[in-house]
Amino acid sequence: MRAVRILLQFGITSSTLTLTSSHIIKGTPSLPPRLGSFGIARATKESSQFCSFIHNLGFSTKSLSFQVCRVSASRYRKDLLIHRNLKGNKTVRLMSSIQTGMTAQEKYLFDLQGFLVVRGVLSKDEVREANEAIDAHADQFQSRTDDHLRNAKMGSPLAGDGATPRLDMGGMLGWPAPYSNVYRKLLAHPRLVPYLNQLCGEGYRLDHMPLVIASEKGAEGFSLHGGTINADGNYVPYLAYHFSHGKMYNNLLACSVQLVDHPAGSGGFIVIPGSHKANFPTPMAVINGEDGMGSIVFQPETKAGDIIFFSEGTVHGAAPWNMPYQRRIALYRFAPPTVAYGRAYFPRWPESYYEGLSEDQLAVLEPAYNTRLDRPLVRPTSDQQVAVEHEWRSQEKKNFDKRVFGTEYF
């Protein structure tokens with residue numbers, strides 16, 4: 001169908017058309033070349049281009065009247081609603097299957113709770129590869145056996161059996177292939193980029209070195225921490241979440257990759273939903289899980305391959321691990337393009353991190369600077385992949401700055 005060929009250019013695939021009517025519009029060579037009247041609810045530069053294609057689909061103006069009822073303002077997602085003004089006024093909805101932004105429900109939940117579970121990001125094969133890579137480097141685990149390194153108050157409900165430590169391991173991005181492949185892919189995973197662009201902004205960057213956290217049965221959890229208000233009652237801007245003019249802003253966003261199942265009561269990640277908007281310090285008894293934890297602390301149930309996004313401004317921690325198998329997660333922290341908390345990137349990440357990275361993965365390792373200074377931007381594409389684009393600063397300005405400062409960027 002000619003119409004389908006056109007729609008493919010906008011990520012609307014013939015295999016995933018959703019029809020809300022029994023009537024199917026068929027593109028045939030006999031159809032006239034003009035579309036006829038249509039209206040646009042929210043016009044943008046992209047939607048105007050989209051409508052110019054629709055205008056030439058070739059439907060009869062005598063029998064059909066089309067209205068573009070919704071063209072999303074998103075640069076990468078186009079929804080089309082077509083009305084057929086014949087008997088029954090039947091409707092056909094053609095919608096792209098490509099998720100290029102958070103849904104309204106996901107936005108609501110993250111803003112409400114301060115965290116969001118995204119299901120099935122990694123395939124079973126990717127989970128297996130990630131775990132096999134950990135197995136191959138298991139001798140690199142560092143245990144938190146020293147009292148000064150423990151993450152929970154001894155004797156508290158979060159301390160576990162008091163003897164089994166948490167295990168930490170870093171360096172996954174620098175492992176030789178194939179061991180590093182899955183961990184590198186997570187920097188700009190096609191399923192994650194739409195979330196990262198909305199939660200941190202385009203030009204998001206890796207802020208901390210990623211690490212693998214592992215726990216055997218009985219291992220300690222982690223006292224509740226984070227939040228936008230510290231123990232002294234002062235605002236913590238470098239962890240803060242805020243909402244302004246229709247957008248969410250996270251100055252430090254965690255991405256917890258679940259590499260084993262976390263059923264109810266298993267232990268692991270716990271959170272106080274909504275605490276990213278708290279105005280008072282977290283009481284010490286709550287931090288240690290000694291009072292009120294059962295009524296306000298929540299443990300999401302997750303499967304291997306799921307992702308938990310949470311603002312570091314949301315009070316969170318970990319319950320002791322209760323399962324007979326080893327707990328495993330990979331923890332990443334991302335930040336907006338102009339925000340930095342960690343310093344491992346300065347002056348450069350370890351050289352092994354850069355070797356063999358793709359263009360989109362390299363973009364995420366960029367240091368903190370504004371997007372208007374030729375920052376590479378990772379964006380989703382209509383074929384469920386990602387691409388790097390730039391919003392170039394003019395060469396005239398760069399030449400002038402070079403004369404003034406000796407460099408193209410101030």
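Values computed for the structure shown
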{"item": "Flag for Asp383 being in contact with a His (Cβ under 8 Å, 6 or more places away or on another chain), over 30 Å from Phe269 (Cβ atoms) and among the acidic types (Asp, Glu)", "result": "no"}
{"item": "Test: residue in region 378-385 that is more than 23 Å from the chain's Cα centre (by Cα) and of a type outside the set (Gly, Ala, Ser)", "result": "no"}
{"item": "Residue match in region 86-96 (condition: assigned to a strand (DSSP E or B), modelled with pLDDT under 95 and among the basic types (Lys, Arg))", "result": "yes"}
{"item": "Any chance Ile296 is within 21 Å of Ala159 (Cα to Cα), open to solvent by 60 Å² or more (accessible area, probe 1.4 Å) and out of contact with any strand residue (DSSP E or B) (no Cβ under 6 Å at 6 or more places or on another chain)", "result": "yes"}
{"item": "Residue within region 314-322 that is assigned to a loop (DSSP other than H, G, I, E, B), modelled with pLDDT of 95 or more and open to solvent by 50 Å² or more (accessible area, probe 1.4 Å) present", "result": "yes"}
{"item": "Filter result (assigned to a loop (DSSP other than H, G, I, E, B) and open to solvent by less than 20 Å² (accessible area, probe 1.4 Å)) within region 219-261", "result": "Ala219, Glu220, Gly221, Gly227, Thr228, Val236, Ala240, Leu252, Leu259"}
{"item": "Selection within region 323-341 - in a strand (DSSP E or B), closer than 22 Å to Met169 by Cβ and aliphatic (A, V, I, L, M)", "result": "Ile329, Ala330, Leu331"}
{"item": "Boolean, Ala219 is out of contact with any Ser or Thr (no Cβ under 9 Å at 6 or more places or on another chain), among the small types (Gly, Ala, Ser) and in contact (Cβ under 8 Å) with a residue 60 or more places away in the chain", "result": "no"}
{"item": "Helices (runs of 4 or more DSSP H) wholly inside region 342-410 containing at least 1 residues that are among the polar types (S, T, N, Q), more than 16 Å from Gly201 (Cβ to Cβ) and open to solvent by less than 50 Å² (accessible area, probe 1.4 Å)", "result": "351-354, 359-364"}
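Results for (1) closer than 21 Å to Arg348 by Cα; (2) buried (at least 18 other Cβ atoms within 10 Å of the Cβ); (3) touching an Asp or Glu at 6+ places or on another chain (Cβ under 9 Å), shown as yes or no for each residue.
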| site | (1), (2), (3) |
| --- | --- |
| Ala152 | no, yes, yes |
| Gly155 | no, no, no |
| Ala159 | no, yes, yes |
| Gly171 | yes, no, no |
| Gly174 | yes, yes, yes |
| Pro178 | no, no, yes |
| Val182 | no, yes, yes |
| Lys185 | yes, yes, yes |
| Val193 | no, yes, yes |
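The values are calculated or read from the model by the stated rules, or taken from the named source; none is laboratory data. Given the structure is predicted, the values throughout are model-derived calculations rather than measurements. Virtual Cβ from ideal backbone geometry, glycine too; neighbours counted across all protein chains shown. For the accessible areas, the whole protein counts, side chains as well, though only heavy atoms, and no ligand, DNA or RNA atoms are used. Shrake-Rupley method; radii C 1.70, N 1.55, O 1.52, S 1.80 Å.
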